[in-house]
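Beneath this line is the structure, given in structure tokens, with notes to follow.
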Amino acid sequence: MSEIKDVLAKNSFRFNKRFGQNFITDTNLLDAIVTDAGINADDTVLEIGPGAGTLTSRLARAAKKVVAYEIDENLRPVLKEILADSPNAEVVFKDVCKVTDAEIESAVGRNYKLVANLPYYITTPVIMRFIECDNRPASITVMVQKEVGDRLVAAAGSAEYGAITAAVRLEGDAAITRIVPRRMFYPVPNVDSCVVTVTMHDRFSGEDKEKIKKLIRAAFAMRRKTLANNLSSAFSLSKEDAVNAITKAGFLATARGETLDVEDFVRLSKFI
Ligand code: SAM
């Protein structure tokens, strides 16, 4: 911890709140994230937001290759110093949101794992992008705000369950591997975090995913409305046709979207 603070101070680094810069200071936690991510010696890792490079250097020790995208050019000298002994770690100074899928593929290939202590402002778009992209990673291990983690693993019908839960479950199995108190970061943020791993699966590979995703979005569009009402607006169906599809799929006409799990959405999609 003091080593990192020294390197940051020596390079006159100033934290930029805009980029969600809260660095992990606990070395045991850094090692634990590498373990949670299941990184092996033949793995290629895509990291988003290396910050001071403390997680990056540990990933590099465990993996064959690490490519990290960092938006903040001011971290260049810090990363150079921290990663001096990690020749298999490459940092690309770019906003990951502006990097194309093709560029990522040429950097990490088609078989890679994603690991990130994500800046909170891009958590959901980054998770959804990599879960749904053509060249998806084998697994995603991310530090996220505790509330986001709770949503990702929520049971159908619970208050935390939402469109993102079902959309993620369509592609992978999410689990919280550890809760991380806010004091583990520098500067200390005002929320607690957790590490979530999503292991991709192919259980629904033969299904019409675009239709299922549209259905999921529709089901949660207005939480107070019944599923039938939400479906009839999203799919331009009469209320009667929406109710027919719902009952044929085996659900009550009065069902609400938030009670359906992903398998239920897959089944319902076949009747619309
Ligand atoms: N990985 C480091 C750690 O665990 O200590 C830093 C994590 S910090 C929460 C998030 C990092 O993501 C910061 O270094 C920030 O500059 C970077 N970042 C923020 N937005 C980004 C973006 N759009 N593309 C790439 N990096 C980004």
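The values are calculated or read from the model by the stated rules, or taken from the named source; none is laboratory data. These figures come from a predicted structure and were not determined experimentally. Neighbour counts run over all protein chains shown; Cβ positions are idealised from the backbone, glycine included. The area values use the complete protein model at the heavy-atom level, side chains included, leaving out ligands, DNA and RNA. Shrake-Rupley method; radii C 1.70, N 1.55, O 1.52, S 1.80 Å.
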If I compute solvent accessible area with a 1.4 Å probe over the protein chains, what percent of it on the stretch 2-200 is carbon and sulfur?
48
Counting heavy atoms of the protein chains only and a 1.4 Å probe, report the per residue accessible area for the stretch 209-269 as a whole number of Å².
50
Links exceeding 28 Å between C-alpha atoms in this model, out of Lys213/Lys248; Lys65/Lys211; Lys65/Lys213; Lys213/Lys239, come to Lys65/Lys211; Lys65/Lys213
Quick check: Cα centre of the stretch 149-215 to Cα centre of the stretch 64-132, how many Å?
20
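Per-residue counts of other Cβ atoms within 10 Å, averaged by peptide: what ranking do you get for 246-252, 95-101, highest first?
Listed from highest to lowest mean packing, they are 246-252, 95-101.
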Enumerate the calculated ³J(HN,Hα) couplings along the stretch 48-58 in order (Karplus 6.51 cos²θ - 1.76 cosθ + 1.60, θ = phi - 60°), each rounded to whole Hz, writing x wherever the residue is Gly or Pro.
10, x, x, x, 8, x, 5, 6, 4, 5, 6
The stretch 209-269, accessible surface, carbon-and-sulfur percent (1.4 angstrom probe)
50
Could you report the stretch 2-200's accessible area per residue, 1.4 Å probe, as an integer in Å²?
44
Please give the calculated 222 nm ellipticity per residue for the chain, where each DSSP H segment of at least 4 residues contributes -39500 (n - 2.57) and the sum is spread over every residue; nearest 500 deg cm²/dmol?
-10500 deg cm²/dmol
Among the listed pairs Lys10/Lys98; Lys17/Lys94; Lys94/Lys214, give every one whose C-alpha distance is greater than 22 Å.
Lys10/Lys98; Lys94/Lys214
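Any idea what the dipole of the chain comes to, in debye rounded to 20, about its Cα centre with Lys/Arg Cβ at +1 and Asp/Glu Cβ at -1?
So the dipole magnitude of the chain works out to roughly 720 debye.
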For labels at Ala155 and Ala9 in the simple 7 Å Cα→Cβ model, what's the distance in nm?
5.0
